[in-house]
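**Student:** This structure is in structure tokens; I'll ask about it shortly.
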Amino acid sequence: MSHLNNSNTAQSAIWGQVDDYMNTLLIPNDPILQDALQANAEAGLPSHDVTPNQGKFLQLLLQIQGASRVLEIGTLGGYSTIWMARALPEHGRIVSIESEPKHAEVAQANLTRAGLMHKVDLRTGPALTTLPDLQEDYPELFDLIFIDADKPSNPDYLRWALRLTRPGSLIIGDNIVRDGEVIRSHSEDARVQGVRTFLECIGSHPKLEATALQTVGSKGYDGFVIARVKDIPVTK
Ligand code: DHB
Ligand code: MG
């Protein structure tokens, strides 16, 4: 946000208004989701939730993918978890990892109010100590992984995502544009460097096919990377 001048402040106001316009047409008001955002704000969580239209985008991706096993790295208050859990079939499950116990407590309350806890395996603790357990607990692997936690660890999360997916799985990363900061190769921001290494690893990985999309909207200027594990295993 530090680079905004007056004219692009006006521009970003329009982004928010266009989000509101489209959401009015496409995304019905939902008291459960609104209550979750309110509970997050009241508990003092950072407002890093996805927007409603981004939540719906994730939900549609799960449905298009036919996903029944989903992993989310970075639960925060569970807003995106609600969107994704709702897209799961009855037997489906989303594992969501949150390092901050207070955030996980708020998420658990939000997901319970949403009547979704039977589809959610919420794990509290640093993702890098939690992820090794998932190899044993979910041997069938994940259809989709959403990486949305501390950005400096993104390259490590990608390594785990590759272990926990199968050909045809999707790996989605949030916040890969960061107001355009992502192109600053000499940035001293560890989050920017984490995202840059993450994108470089995705781009050069023989098992992944990927694209990235810039987004604007009520949460400013950012973007997603979407990678698919290739169908044919690579032989070296
Ligand atoms: C940040 C993290 C997020 O996941 C997000 O959606 C927005 C911002 C951050 O750490 O700055
Ligand atoms: Mg995010």
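**Student:** Multiplying the sequence separation of H48 and R159 by 0.36 nm and subtracting their Cα-Cα distance, what value in nm do you get?
**Tutor:** Extending this stretch completely gives an extra 37.6 nm.
**Student:** With every protein chain left in place and a probe of 1.4 Å, what is the accessible surface of L213, to the nearest 10 Å²?
**Tutor:** 90 Å²
**Student:** Taking every pair of Cα atoms in the range 9-212, average 1/r, invert it to obtain the Kirkwood radius, and report Rg/Rh to two decimals.
**Tutor:** Numbers: Rg = 16.7 Å, Rh = 17.6 Å.
When Rh is taken as the Kirkwood radius, the ratio is 0.95.
**Student:** Can you work out the Karplus-derived ³J(HN,Hα) for every residue in the range 61-71? Use 6.51 cos²θ - 1.76 cosθ + 1.60 with θ = phi - 60°, whole Hz, and x for glycine or proline.
**Tutor:** Result, rounded to whole Hz: 4, 4, 5, 4, 6, x, 6, 10, 10, 10, 10.
**Student:** Over all directions, average the projected area of the Cα convex hull of the range 172-212 and note it in nm².
**Tutor:** For the Cα atoms of the range 172-212, the hull's average projected area reads 2.9 nm².
**Student:** Report the calculated FRET efficiency for A109 and Q34 (r = Cβ-Cβ distance, R0 = 22 Å), to the nearest 0.05.
**Tutor:** Working: r = 15 Å, r/R0 = 0.67.
Step by step, r from the Cβ atoms, then E = 0.90.
**Student:** To continue, here is another question. Can you compute the modelled spin-label distance between T197 and E140, with each label point 7 Å from Cα toward Cβ, in nm?
**Tutor:** If labels sit at T197 and E140, their model points lie 3.4 nm apart.
**Student:** If you count only protein heavy atoms with a 1.4 Å probe, what accessible area per residue comes out for the chain, rounded to a whole Å²?
**Tutor:** 50 Å²
**Student:** Round to the nearest 10 and report in Å² the accessible area of K56, as given by a 1.4 Å probe over the protein chains' heavy atoms.
**Tutor:** K56 exposes around 60 Å² with every protein chain in place.
**Student:** Same structure, new question: Using the structure shown, select from K56/K102; K151/K219; K56/K219; K56/K119 the pairs with a Cα to Cα distance greater than 23 angstrom. Could the numbers behind the result be given before it?
**Tutor:** On the way: K56/K102 26 Å; K151/K219 17 Å; K56/K219 15 Å; K56/K119 18 Å.
Checking Cα-Cα distances, K56/K102 exceed 23 Å.
**Student:** Quick one: with all protein chains in place, what share of the accessible area of the range 9-212 is carbon or sulfur, to the nearest percent (1.4 Å probe)?
**Tutor:** 54 percent
**Student:** Would you give the gap between the C-alpha center of the range 93-133 and the C-alpha center of the range 171-192, rounded to a whole Å?
**Tutor:** One Cα centre to the other: 26 Å.
**Student:** If I take R0 = 30 Å and measure r between the Cβ atoms of R166 and M22 in this structure, what FRET efficiency does the formula 1/(1 + (r/R0)^6) give, to the nearest 0.05?
**Tutor:** On the way: r = 34 Å, r/R0 = 1.14.
For R166 and M22, the calculated efficiency is 0.30.
The values are calculated or read from the model by the stated rules, or taken from the named source; none is laboratory data. Model, not experiment: these values are computed from the prediction. Positions of Cβ are generated from backbone atoms using ideal geometry, with glycine treated the same way; all protein chains shown enter the neighbour counts. Side chains included, ligands, DNA and RNA excluded: accessible areas come from the protein's heavy atoms. Shrake-Rupley method; radii C 1.70, N 1.55, O 1.52, S 1.80 Å.
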